[in-house]
Structure formats: structure tokens, C-alpha cells
Amino acid sequence: MKKLMGEFKEFINRGNVMDMAVGVIVGAAFTAIVTSLTNDIINPAIKLLTGDAASGIAGLTIPVPGTENGIDFGAFISAIINFLIVAFCVFMMVKAFNKMKDTGKEKEEEAAEEPAAPAPTCVFCLEEVKEGATRCPHCAGELPEPAKAV
């Protein structure tokens, strides 16, 4: 039981869990916005186009005896529109994230490909010396001028 609790604690302490929790909360808030867009803007526009502004979306509800709502195709279409809007926004966010990640990888690759400037060398023993050195640490020879990268 201790091992299981230890593994659970390790899982919870990972950054991914917090990121996922924030994503779920933001996703729920975003879904509420999209639902409002569908219910308050898109559905009334459909009502306006179909000519029935007083009741449900005209011609999209089939009454069923014994139920309040019946078969409501308008609600189903609204749910599909909600899904498509949310899915498109998530797709665009993932695409932007991947592009940023790829750009970062390209910059890292470019930095790795650039050869480092050759280190300065001693004129006497041809050993590598630090830039700005006036004496060689290997042969103790005094350099004519402070070492510079070639």
C-alpha cells in the first residue's frame, strides 16, 4: 500500500498533472463560451432564416406524446456546431504549439551546426590557450600580444 501511495504522490507531483488540470478548467470555460455562442447567436439566426422566431427551431422538432421536448434535431445540430467550433479551436492551438516547438528545434539545430570559433594557440608550442592570455600555460612562453580567437 505504501508503494502505491508513493507512486501516486510521484504522479501528482509531476508538472503534467497540473497542466492537465488547468487545461480541463480552461476547456470547460471555453465550452461554456461556445455553447453560449451557439444558443444565443447561431440558433436565433437559424430561427430567423426558417421564419419561426417564437418557438424552437422551426421544422427541427418532432413532438412525441408523453415527453416535454420530443425529438429535438435543433439541439442535436447545436451540439454538433459546438463540437466543431471547439475541435477547430483545439486544432489551431495544437498546430500553433507544434509550430513553436518546431521553430525552437530548428534554432537549436542551427546553433549546434555552427562551428565554434577555433581557440587561440601559442605561437611557440602550438597548444591551446585562453583568449586574452599573455603567457602560455603549457610552455610559459610570453606571447607577443594577448591571445585572440582566429
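Being within 30 Å of Leu37 (Cα to Cα) and under 45 Å from the mean Cα position of the chain (by Cα) is a condition met by at least one residue of the stretch 99-114. Residues that are surrounded by fewer than 13 Cβ atoms within 10 Å (Cβ to Cβ), hydrophobic (A, V, I, L, M, F, W, C), at pLDDT below 85 and in a loop (DSSP other than H, G, I, E, B) within the stretch 106-150 comprise Ala116, Ala117, Ala149, Val150, listed in sequence order.
The values are calculated or read from the model by the stated rules, or taken from the named source; none is laboratory data. Since the model is a prediction, treat every value here as computed from it, not as a measurement. Methodologically, a virtual Cβ is constructed for each residue, glycine included, from the backbone with ideal geometry; neighbour enumeration extends over all protein chains shown.
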